[in-house]
Amino acid sequence: MNLPDFNSADLNEIRRLLQSIVRTGKVSMVDTAVTPPCVRVESGSLHTDWIPWTTSRAAGVSHWRPPFVGEDVLLLAIGGDTGNARVIGSLYTEDNPPPERSLDKTVTVYPDSARLEYDHASSTLTATLPGQAIVTTTGAITVTSDADITAKAPQIDAMASVSATVKAPVIAATADTSITLKAPAITLDGHVTVTQGVTSAVDVTAGGISLISHQHPSVQRGSAKTDPPE
């Protein structure tokens, strides 16, 4: 087999290309306005031109998570040509440590300290947000649980444009000061028990008889009893 003749210059160039195929660096600039979005990376004495970074998916279901300035990344230069390099991933470092050490958790942490965590050992999904959570949908939202559902907040507002229904074997509404029911008409279908006083600012009608203006016929002085009210 005849081998090509290489001089020292050729060998040095081959060595340089091989050493440049994969290398580490640090993001120095980010431009998300161009297509494709690009970064510039410093790797030793190398300062790359604008080069793209890879993503998990770019078509159909796409993913967007741009690199940050100062992020340690891995460069892949096809054929050793750093002019055609691509950022193919990030590296944990002392400056950018991992947000979690557990083998049982998948964690995403955002710059504002928001944290999304799933612990597959305990089957627990935890979302910790410093701001708002907004869900917008044109269809139905269904929440189903075999255990309790708890909602806690300084104030909870629920609004429905058509109707609101609560069904349960037992419903308990407890307030420290008062409960207000406001509607043009309120219907209670069932036996009502009041353990303390009842106050009404208007007349009360029971069985068609007015509490304020009813009359008792056959009124007589003495110990005789009146007839039932009319």
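For this structure, a couple of remarks:
- Identification of strands (runs of 3 or more DSSP E) wholly contained in the stretch 82-130 with 2 or more residues that are of a type outside the set (D, E, K, R), over 20 Å from ASP72 (Cα atoms) and at pLDDT 95 or above yields 115-119, 124-128.
- Yes/no for ALA133 being loosely packed, with under 10 Cβ neighbours inside 10 Å and touching a strand residue (DSSP E or B) at 6+ places or on another chain (Cβ under 9 Å): yes
- Here is the figure for the stretch 50-81: residues that are within 14 Å of PRO37 (Cβ to Cβ), assigned to a loop (DSSP other than H, G, I, E, B) and over 28 Å from the mean Cα position of the chain (by Cα) total 1.
- Only one entry of GLY222, GLY197, GLY208, GLY190 meets the criterion of being at pLDDT 85 or above, over 30 Å from ILE171 (Cα atoms) and surrounded by fewer than 10 Cβ atoms within 10 Å (Cβ to Cβ), and that entry is GLY208.
- Flag if ALA127 is surrounded by 10 or more Cβ atoms within 10 Å (Cβ to Cβ), outside the structural domain of GLU71 (by TED's automatic domain parsing) and among the small types (Gly, Ala, Ser): yes
- Pick from the stretch 1-20, criterion under 60 Å from the mean Cα position of the chain (by Cα) and of a type in the set (Asp, Glu), ranking: modelled with the highest pLDDT: GLU13
- Residue in the stretch 94-112 that is surrounded by 10 or more Cβ atoms within 10 Å (Cβ to Cβ), aliphatic (A, V, I, L, M) and over 22 Å from PRO52 (Cβ atoms) present: yes
- Hits in the stretch 21-49 - residues which are assigned to a loop (DSSP other than H, G, I, E, B), under 20 Å from GLY80 (Cβ atoms) and not β-branched (Val, Ile, Thr): GLY44, SER45, ASP49
The values are calculated or read from the model by the stated rules, or taken from the named source; none is laboratory data. What you see is a predicted model; the values in this text were computed from it and never measured. So basically every Cβ, Gly included, is an ideal-geometry build from the backbone, and we count neighbours across all protein chains shown.
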